[in-house]
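Have a look at the structure below, then the notes.
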Amino acid sequence: MSAHPPIVVTGTGMVTPAGTGTDATWRAVLDGRTLAGSVRPADMPGRHCLSVPAFGRELLPGRGTAHLDPFIRYALVAVDEAVAASGHDSRSWEGHRVGIVVGCGLGGISTTSDAQTRLTERGADTVSPYLHPRSLINMAAGTLAIRHHVTGPSHTVVAACASGAVAIGVARDLLRAGTCDTVVVCGTDAGVVPVVAAGFAAMGALSDSFAADASRPFASDRSGFVLSEGAAALVMEREDSARDREAPVVGRVLGYAATTDAHHPVQPHPDGSGAEAAVRAALADAGLGTGDVEHVNAHGTSTPFNDRIEGRLIDRLFPHRPSVTANKGVLGHTLGAAGAIEAVLALRALRTGLVPPTAHTSSVDGELPAIDLVVGEARRQRHSVALSTSLGFGGANCALVLGA
């Protein structure tokens, strides 16, 4: 095992189209539930998207929170839950020893899009002075710092759809280096916005199905991803610090690595070499080998190209056929939040001994290798090591090795 001090997760929080709270999302994913979507015919003809259910002061109290961009609001709710679950009281912790790392792909795109419409239709004088405080990509981290009295380092990681996973790795490094005693991590994005959907549709990345079960990772009839939104948060600490305060331990971050394909602006390398390098490096970081991986939480976007490359990679690296699942079947693609959401769900699978099914996938693509994809219903499996993979535009690859 690694000689570095163990890093543990002591609290999690989540906001997704399945609801608010880690438990709500876990139940939906475990059941393989089809979620009600939101279709905006005027703006996104025929496009099925998944939105976070509306919430107000009952979940997000505090002055000025109602008008923040959704990517900040989601982060605040998820972090509030994670901090409370960790047993910390952010009003009294040593703020200079606490850090924040947020992973996000888009920032306040809804706020920016609305401001552009206002500018075009009504003139510059109607643009709000709050445009930038509500839209800059680092403002989730800044707003979290104010809310939770954090005066240590504050970073925002932008690695497209790998952002949330990379944020966990950066937090791990801050703790290993002794820079912080506690790091609050959050992956968040709110991209269910017409211009975002239109861009993905023009690329051919969105599913061409209008159905609620359009997200079908690794399925023979998959046709693209379903655009979604949300946030997940983790409180991370060194194990000795958590033990000293008798904190609950949700799981462990055993290894982390990030690589870059340097191949194409949006397509992963066809042989998966960059992703493979990330997985091997993360396992080496954890002091483990490929044979130690018992479960894989795959990126699994439901796009033909990504799933084929990832399926072949899993088959090549893990001939012992660990169980594989892909949470985007239920949740759609939450972009920069996805890596954090999937890491939290992988930790829950380790803790409960249950692997959620890959929802909506009944017939696995016959051109894929024979990976052990969990379909139909949840599987009971006691395991101690899981791998969570995340891939993003720009050739970003991230692998997290997680432990019970």
Among (1) touching a residue at least 12 places away in the same chain (Cβ under 8 Å); (2) farther than 17 Å from Thr34 by Cβ; (3) surrounded by fewer than 20 Cβ atoms within 10 Å (Cβ to Cβ) - the single one Gly199 does not satisfy: (1)
Here is a check on your reading of the model: is Gly95 in contact (Cβ under 8 Å) with a residue 40 or more places away in the chain and touching a His at 6+ places or on another chain (Cβ under 7 Å)? yes
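Could you please let me know if Arg252 is basic (Lys, Arg), loosely packed, with under 15 Cβ neighbours inside 10 Å and more than 23 Å from Val193 (Cα to Cα)?
Numbers: basic (Lys, Arg): yes; loosely packed, with under 15 Cβ neighbours inside 10 Å: no; more than 23 Å from Val193 (Cα to Cα): yes.
Against the criterion (basic (Lys, Arg), loosely packed, with under 15 Cβ neighbours inside 10 Å and more than 23 Å from Val193 (Cα to Cα)), Arg252 does not qualify.
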If we scan segment 315-329, do we find a residue that is of a type in the set (S, T, N, Q) and in a helix (DSSP H, G or I)? no
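Quick check on my filter: what residues within segment 274-293 are outside any helix (DSSP H, G or I) and within 21 Å of the chain's Cα centre (by Cα)? Walk me through how you get there before you give the answer.
At the first step, the residues of segment 274-293 found to be outside any helix (DSSP H, G or I) are 287-289, 293.
Correct list: Val293 only.
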How many residues of segment 214-258 are in contact with a Leu (Cβ under 9 Å, 6 or more places away or on another chain), closer than 20 Å to Ser384 by Cα and either at pLDDT below 95 or not hydrophobic (A, V, I, L, M, F, W, C) (or both)? The answer is 6
Given the conditions (1) under 17 Å from Ile168 (Cβ atoms); (2) buried (at least 23 other Cβ atoms within 10 Å of the Cβ); (3) not assigned by TED's automatic domain parsing to the domain that holds Val375, which single one is not true for Arg238? (2)
Contact list please: Cβ distance under 7 Å, first residue in segment 140-158 and farther than 20 Å from Thr65 by Cα, second residue crowded, with 18+ Cβ neighbours inside 10 Å and among the polar types (S, T, N, Q), pairs at least six apart or on different chains. Val157/Ser163
Any idea which of Gly392, Gly353, Gly311 is more than 20 Å from the chain's Cα centre (by Cα), touching a residue at least 24 places away in the same chain (Cβ under 8 Å) and not assigned by TED's automatic domain parsing to the domain that holds Val52? Gly353
Any residue at all in segment 362-369 that is at pLDDT below 95 and outside any loop (DSSP other than H, G, I, E, B)? yes
Which condition number in (1) surrounded by fewer than 23 Cβ atoms within 10 Å (Cβ to Cβ); (2) modelled with pLDDT under 95 is the one that Ala28 fails? (2)
Every pair of residues 6+ apart whose Cβ atoms lie under 7 Å, when the first sits in segment 163-178 and is outside the structural domain of Ile137 (by TED's automatic domain parsing) while the second is in a loop (DSSP other than H, G, I, E, B): none
Residues in segment 157-184 that are of a type in the set (Ser, Thr, Tyr) and under 14 Å from the mean Cα position of the chain (by Cα) total 1
Being at negative phi and in a strand (DSSP E or B) is the filter here; which residues of segment 228-250 pass it? Glu229, Ala231, Ala232, Ala233, Leu234, Val235, Met236, Glu237, Arg238
Residues of segment 318-348 classified as within 19 Å of His48 (Cβ to Cβ) and either among the polar types (S, T, N, Q) or modelled with pLDDT under 95 (or both), total: 2
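The values are calculated or read from the model by the stated rules, or taken from the named source; none is laboratory data. The structure presented is a predicted model; accordingly, all values stated were derived computationally and were not measured. All Cβ positions, glycine included, derive from the backbone under ideal geometry; neighbour counts span all protein chains shown.
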